[in-house]
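Chemist: This is the structure, below, for whatever I ask next.
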Amino acid sequence: MTENWHQNFKNKNREALIAAAKELCMKESFLNVNIKDICSEAGISRVTFYKHFQSMNELILAVQVEILESMTGYVKNAASPGMSGKEMLASMLEAWVNYASTHLGYIKFVLLFDLHYEAYNSGQELKEQYNLFIKRKKEQHFLLDALETGYKDGTLKPDPDPLNSAHFIFVSMMSMLQKMSLASEEDHVTVQSDLKFAKRFVEMLVQHLSN
């Protein structure tokens, strides 16, 4: 019982640090956020920080992973039992656009994270961890079930390589949504225009894949 309590306490501290980092990184670039800021926001000491993360880069990686897990989980949950493959795909892509429109900061964070880790020396070990995470997510792609269901029920065109198609959809959607995330939230005209474009893109994509 004592061990479980201690582990739960450690997990809460780790979650609090990730939540604090996420909160601060939504206000400004993570390049301008430091360990002192994170600890102050979380109400956790610097000593405790280093019990969970060896560096800011490691914490920022944890934030990136959590955002991606949250986003893909939200999208995947938009599909309901009994839907055709086409309906599943359409519901998921529409949910994706809705998620992005209400979490523009998260989408922008994903973009800046990828650019930063590609351009700067973030540590080989962390890069390998992130690459392994991405590889695993590709192999267990959250869009795969909708595509394969559509191939089986005839609502989507047959595809000899559904995994590749799932990855193509992911890259296309994220590129469009990341562009949308760069608009100022105060610029309502641009935000609404980008949102209409995204919804139209989803309709065209589903139509293109439909049988």
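Chemist: I'm checking my understanding of the structure. Among residues of the range 114-165 that are of a type in the set (Asp, Glu) and crowded, with 16+ Cβ neighbours inside 10 Å, which one is nearest to Tyr74 (Cα to Cα)?
Modeler: Out of the qualifying residues, it is Asp145.
Chemist: If you don't mind, another one. Consider only pairs whose beta carbons are under 7 Å apart and that are at least six residues apart or on different chains; among these, list those whose first residue lies in the range 40-54 and is in contact (Cβ under 8 Å) with a residue 24 or more places away in the chain and whose second residue is of a type in the set (S, T, N, Q) and surrounded by 11 or more Cβ atoms within 10 Å (Cβ to Cβ).
Modeler: Short answer, once both residue conditions are applied: Ile44/Asn13; Thr48/Asn13; His52/Asn13.
Chemist: Can you name every residue in the range 34-71 that is of a type in the set (S, T, N, Q) and either assigned to a helix (DSSP H, G or I) or surrounded by 16 or more Cβ atoms within 10 Å (Cβ to Cβ) (or both)?
Modeler: Matches in the range 34-71: Ser40, Thr48, Asn57, Gln64, Ser70.
Chemist: Here is a follow-up. Of all residues in the range 8-33, which are part of a loop (DSSP other than H, G, I, E, B) and open to solvent by less than 50 Å² (accessible area, probe 1.4 Å)?
Modeler: Ser29, Val33
Chemist: Shifting gears a bit: Please find, among Leu126, Leu177, the residue that is hydrophobic (A, V, I, L, M, F, W, C), assigned to a helix (DSSP H, G or I) and over 19 Å from Glu203 (Cα atoms).
Modeler: Selected residue: Leu126, the only one of Leu126, Leu177 that is hydrophobic (A, V, I, L, M, F, W, C), assigned to a helix (DSSP H, G or I) and over 19 Å from Glu203 (Cα atoms).
Chemist: Taking the residues in the range 97-113 that are in contact with a Ser or Thr (Cβ under 6 Å, 6 or more places away or on another chain) and among the hydrophobic types (A, V, I, L, M, F, W, C) as candidates, determine which candidate is most open to solvent (accessible area, probe 1.4 Å).
Modeler: Leu104
Chemist: Under the condition of being among the aliphatic types (A, V, I, L, M) and assigned to a loop (DSSP other than H, G, I, E, B), which residue from the range 182-211 is surrounded by the fewest Cβ atoms within 10 Å (Cβ to Cβ)?
Modeler: Within the range 182-211, the match that is surrounded by the fewest Cβ atoms within 10 Å (Cβ to Cβ) is Leu182.
Chemist: When the residues of the range 74-103 are narrowed to those that are assigned to a helix (DSSP H, G or I) and without any contact (Cβ under 8 Å) to a residue 60 or more places away in the chain, which ends up farthest from Leu182 (Cα to Cα)?
Modeler: Ser91
Chemist: Inspect the range 147-157 for any residue being free of Cβ contacts under 8 Å to residues at least 24 places away in the same chain and at negative phi and give the result as yes or no.
Modeler: No, there is no match, as no residue in the range 147-157 is free of Cβ contacts under 8 Å to residues at least 24 places away in the same chain and at negative phi.
Chemist: Here is a further query. Count, please, the residues in the range 79-96 that happen to be surrounded by fewer than 19 Cβ atoms within 10 Å (Cβ to Cβ) and either hydrophobic (A, V, I, L, M, F, W, C) or touching a Cys at 6+ places or on another chain (Cβ under 8 Å) (or both).
Modeler: The number of residues fulfilling the criteria is 1.
The values are calculated or read from the model by the stated rules, or taken from the named source; none is laboratory data. As the structure is a computational prediction, the values presented were derived from the model and not from experiment. Methodologically, a virtual Cβ is constructed for each residue, glycine included, from the backbone with ideal geometry; neighbour enumeration extends over all protein chains shown. The area values use the complete protein model at the heavy-atom level, side chains included, leaving out ligands, DNA and RNA. Shrake-Rupley method; radii C 1.70, N 1.55, O 1.52, S 1.80 Å.
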